[in-house]
1. For the cross-link pairs K232/K295; K14/K35; K103/K195, which exceed 22 Å when the distance is taken from alpha carbon to alpha carbon?
2. Suppose every K and R has +1 on its Cβ and every D and E has -1 on its Cβ; what is the size of the dipole of region 200-300 about the Cα centre, in Debye to the nearest 20?
3. Would you kindly state how much longer the chain becomes between D168 and A306 on full extension, computed as 0.36 nm times their sequence separation minus their alpha carbon distance, in nm to one decimal?
4. Taking 30 Å as R0, compute the FRET efficiency from the Cβ-Cβ separation of T27 and K84 and round it to 0.05.
5. Loop-only trypsin sites (Lys or Arg not before Pro) in region 242-324, please: DSSP not H, G, I, E or B, and at most 15 other Cβ atoms within 10 Å.
6. Per residue, how big is the convex hull around the C-alpha atoms of the chain? Give it to me in cubic angstrom, could you?
7. Give the Kirkwood hydrodynamic radius (Å, one decimal) of region 57-211, defined as one over the mean of 1/r across all pairs of different Cα atoms.
8. Going by a ≥ b ≥ c, the root eigenvalues of the Cα gyration tensor, does region 200-300 fall in the rounded group (a/c under 1.5), the prolate group (a/b larger than b/c) or the oblate group?
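What follows is calculated from the coordinates using simple rules that are stated; it is not laboratory data. Since the structure is predicted, the reported quantities are computational estimates derived from the model, not experimental observations. Virtual Cβ from ideal backbone geometry, glycine too; neighbours counted across all protein chains shown.
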Amino acid sequence: MAITAKDVQALREKTNVGMMDCKKALTEADGDMDKAIEILREKGLASAAKKASRVAAEGVIGVYSDETGAALVELNCETDFVGKNPDFVALANKIAKTVMLVKPADVDALNAATIADGTMTVAESIQDLFLKIRENLKLRRFAFLEGKVASYIHGGGSVGVLVGFESDNTGDDFSAMGKNVAMQVAAMSPEYLDKADISDAELAKMRAITVESALNNPESLPKPILKSIIEKAVSEKLWSDDDVKAYEEQKNNKYLFNFLSKEAAATLAQIAVAGKEEYSANPIFGKVVDGRINKQINEICLLEQAFVRSDLFEGNVGGYINDVAKKLGASIKATAFIRFAKGEGIEKKNDDFAAEVASMI
C-alpha cells in the first residue's frame, strides 16, 4: 500500500512523533494506522529501556488539589529543558490528580492505575510522552494528604509543598494563611511539624552531638570551664612557652584565641573531650547545651520556626496560625506537611567536557 504524506501527517498529529519515524511505522504496518501506533509504542519501549540507565534528576513536582485533599508527584527527566515542557508538566499534574482518585499504595500501583481523564495507565501515559520527548522519564514518588490542605508550588515546579489543617473555617483568609505556611515550608525546609514529633532517641542523639561539638570548640565554652581547662594546660605544661606567654598577656582579651596557636586550641579541645563526664555534669555547661538544642529545634520544627513573613506577624509559625485563628474566631491546627524538591537525593552526573576532550586526545 502506498504511504502518502497525508497519512504520515495524520499519524504525526496522533502521536507527535517525528515524520521519519511515522513514515517507517506506516510502511511496516502496511498503512494500518492503529498498527503503526502500536509499532511506535513498541519501538519506544525498546528505546526507553536503552535510556533507562541515564540519570533523570531534572523534572517537575506536579500538584493536584480538590475539596478532599491534595497530592504531589515527582516526575523526573534528564534535562531542565524537558522539565519545562508544557506536556511534561501537564502529565505530572494529571498523575497527581490520579493519586487523589486512586490513593495507590506505592509507585508500582500508581503506574498500573488508569490515569485521570484518560484510558491508558499512568505507565503507558509516561511511555506515550517518551515517544515525543525521547528522554528517560521516571515517576519517582508521590504523597497526598486528605482533608483541608494548602498546596504551594515554587519555581515552576522545583519545590512542592502540602500542609494539612484541622479547622472549622474555609474562607479566603484561611486559604491565605495556609498558603503562607506552605511557602514557609518551601523556603525553610523544616524536618518536623512540632518539637513533640522529635523522638527521645533523636533528642538524645542531638544532645550527644551538641555536647561533642561544644567540647571540641573550647572558645565557645562557658568562661569558668574554659578557665579551668586553660589552667590545666598551663600547669601540666601542655602548651608551648609562646602560647603561655600569649595567654598571660591577653587573658582578659575577648579575642584571646586570635593570639593562641592552632596547637594550643587543639590541646584545649583534647582536655575538654577527655573530661566530658565532668563537664557534662556541670549545670553551667548543661544550660549552654540546652540553649543550643533549643536553637536547633527552633530551626527544624515548622511551628517553632520564626515566621518569614514578618510583615504579617512577628513571632513563630505556630503563633502566626494562632493569631489568624483568633482574628477569624476559628479553630485552626496544623496537622502535617510534605515537602518535595525535584531531584533531591539523586546523584547527578557531573560532565567535565574539558576532561573528556583531553582523554580523547
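1. Working: K232/K295 31 Å; K14/K35 13 Å; K103/K195 29 Å.
Exceeds cut-off: K232/K295; K103/K195.
2. Values: 14 positive and 16 negative charges, 54 e Å.
Roughly 260 debye for region 200-300.
3. Working: separation 138, 0.36 × 138 = 49.68 nm, distance 2.55 nm.
Gain on stretching D168 to A306: 47.1 nm.
4. Numbers: r = 34 Å, r/R0 = 1.14.
The pair T27/K84 has a calculated efficiency of 0.30.
5. On the way: sites: K245, K251, K254, K262, K276, K287, R292, K295, R309; in loops: K251, K254, R309.
Answer in residue order: K251, K254, R309.
6. Details: hull volume 83.4 nm³, N = 361.
Given the Cα convex hull of the chain, per-residue volume reads 231 Å³.
7. On the way: mean 1/r = 0.0589 Å⁻¹.
Hydrodynamic radius (Kirkwood, Cα pairs) of region 57-211 is 17.0 Å.
8. On the way: a/c = 2.52, a/b = 2.06, b/c = 1.22.
Cα axes put region 200-300 in the prolate bin.
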